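Beneath this line is the structure, given in structure tokens, with notes to follow.
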Amino acid sequence: MDIETLLRDSDPVRPAHLPSPNSSDGLSIRSHVVTPRRPGIRPAAAAVVVVAVVMTVALVVLVALPGESRQSQGAAAAVLDRMAMLTDRQDISVKPGEYYYTELEGQAGASSGPLVQGGPTVTSYEAETVQTWVAPNGSGRQVSTTDPTPRFFTAADRAAWVAAGRSLRPLFPAPPSTVHLFGVGYAFTNNPIIRVFDVSHLPTDTAKLTKLIAQGHLEVKGSRQTELKGLGPVSNCQTKACVIFERVAILLQGPDIGATPARRAALFKVMAHVPGVKLLGSVVNPIGDRGTGLELVQHEPAESVRCNAVKIQEPSLSTTEEVVIDLKTATLLSSETSYSARVVTRSESRGESGCGIALPAGTYPITPNWTVLLHSGVVGSNSRVPG
Amino acid sequence: MAHAGPWLPGDAENRFDRLYESHYQAIYAYALRRTRAPHEVPDLVAEVFTTAWRRLATVPNPPEDVLWLYGVARRVVSQHHRGRQRRDRLDVRLRGTATAPEVPELASDSSRHLGLIRLVESLRPRDGEVVRLIAWEQLDHAQVAYLLGCSTNAVAIRWHRSVKFLRDNLNDADADLAESPEVRLDALRIQEM
């Protein structure tokens, strides 16, 4: 089959399954659209207001942070400095003919919605394991395997799933693993969930590295470096501290190209200087591995915006970025981002994007994202895994 | 491009209805192909047609009207990706509880198709958009050029470059595990030169 036919056949949308304009959705949208024009701030203008408020808040938070939780932050910094020392002594160099192997598990295909009419929203996801072998020159191999067994972020989600009569067995036949071989500079075509980053050009000077990471200028000319995004599908960070913490976590987690003990040590030092990082002590990550937890919490206050002439009270948000590290091996065992939203006042939903939260006041958890390191180490071929 | 002439106020709804009925599914499919949150597609579609309703006087006559709608949809989807971080974080738990419109499932026929979709996502944004518009929206090069504001030649170059990339890399992704990886890596290195 030629590529153009295959491309057409790969259309992720089946036209036969599309709702017609006379479906309930179609009629609903039509009736919503064709209404008398009303004055007020349009969604785009509302978005500008939101961005302006968020930026102001971010600035205030940045200025305020240095004075907060100095004691806890001191402990976190001490742990991270120790990690930097340990990393500096490790030998993770990859010789010609060897590969650095990283096996990570993340979420794929998360879906959310009520399972029964009027029921609670249930979020389920499938796990994806990504095995990456990277040679010293940056070429490598990546194998992505999806487990179609439904998984849940919370026990309540699982219970609601079962109560709705849904099976806990695989949702669909396990697809074959996706195998990807990449040449030098071509790691950019890899898995969109877990990306390979080229860190070979990063400085080891803490101040310079902090500046680069904060600016997000990690691209390498000609290497088609992938964009450094958040721990989840989108970055939730609004503050500089959060951005740096999250990006360092991604870079420490790997898979990466060109990592050296000195570069990893520098990354830990950068994290040690991030204001607001707290030491959690001994914690267990999502797959049950015990390690030392560090977290950074970003608060975004509730906001009032106007949308279609209706005053809307957006909820306040708390975003928690957490990493679990192993003090013995100086490795980052997992990273996680989770949120909770506090609805201050119920706002009438207008059905249009961004207009209101039709929920009573209260605190609501938001789906987290996590990535867990399953295995890593130097191996002798691009099909072997560490013993 | 021929814009619609003046119309009587009473005609507006009729004209909008024709536009809506003719292109609702095309715009729905466009949005569905470009978002990872299918439950938000009805909102995006509503936003596109809200713009069309408000700016009905500037909507061109068929057959260019659908291109105009694609242009609006492109901006709406782009804004959705850029500016919706906060709402993205809230939608799943909060808004999802309030309204959960029925949305069609995305097709996922085979790993080969999924692999190809993944490769399309890995293209440069503009190249990927050219591929999607030609392969999935089934627009011709001139229509894509109009929509993206570039020359037909530029579209043709992007299309052929992208198809070559997809062909080369899809073969690679399909590689039999038993085949020597080193041989395939060498092939990739040659392509770089």
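None of the figures in this text is laboratory data; all of them are computed from the coordinates on show. Note that the structure is a prediction, hence the values are computed from the model and not measured. Virtual Cβ from ideal backbone geometry, glycine too; neighbours counted across all protein chains shown.
Residue A:284: net charge of surrounding residues, Cβ under 12 Å, Lys/Arg +1, Asp/Glu -1, itself excluded?
Working: positive: A:290; negative: A:289, A:322, A:336.
Residues near residue A:284 contribute -2 overall.
Once the other residues with Cβ under 10 Å from the Cβ of residue B:123 are scored (Lys, Arg +1; Asp, Glu -1), what is the net sum? Provide the component values of the computation, followed by the final result.
Working: positive: B:124, B:126, B:132, B:158, B:161; negative: B:121, B:127, B:129.
With Lys, Arg at +1 and Asp, Glu at -1, the net is +2.
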Diffing the stretch A:166-175: the Karplus 3J(HN,Hα) column from phi (6.51, -1.76, 1.60, θ = phi - 60°), in whole Hz with x for Gly and Pro, holds 7, 7, 8, 7, x, 6, 7, x, 4, x
Heads up, the stretch B:23-68 by the C-alpha gyration tensor (a ≥ b ≥ c square roots of eigenvalues; a/c under 1.5 rounded, else a/b over b/c prolate, else oblate) looks oblate
Once both label points are put 7 Å beyond Cα along the C-beta direction, the residue A:374-residue B:168 separation in nm becomes 3.1
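Counting other beta carbons within 10 Å of each Cβ, put A:208, A:95 in order, fewest first.
Values: A:208 13, A:95 9.
Exposure proxy ranking, most exposed first: A:95, A:208.
May I ask for the net charge around residue A:385, where only other residues with Cβ less than 15 Å from the Cβ of residue A:385 are counted and Lys, Arg are +1 while Asp, Glu are -1? Please list the in-between numbers first.
Values: positive: A:141, A:384; negative: A:98, A:103, A:105.
So the environment of residue A:385 carries a net charge of -1.
Over 32 Å between Cα atoms: which of A:269/B:164; A:211/B:164; A:208/A:278; A:240/B:164 fall into that group? It would help to have the intermediate numbers written out before the result.
On the way: A:269/B:164 43 Å; A:211/B:164 38 Å; A:208/A:278 23 Å; A:240/B:164 40 Å.
With Cα atoms farther than 32 Å apart: A:269/B:164; A:211/B:164; A:240/B:164.
Note the full-extension length gain between residue A:328 and residue A:177 as 0.36 nm times their separation in residues minus their Cα-Cα distance, in nm to one decimal.
In short, 51.1 nm is gained.
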With +1 on the Cβ of every Lys and Arg and -1 on the Cβ of every Asp and Glu, the dipole magnitude of the stretch B:121-175 about its Cα centre, in debye rounded to the nearest 20, is 220
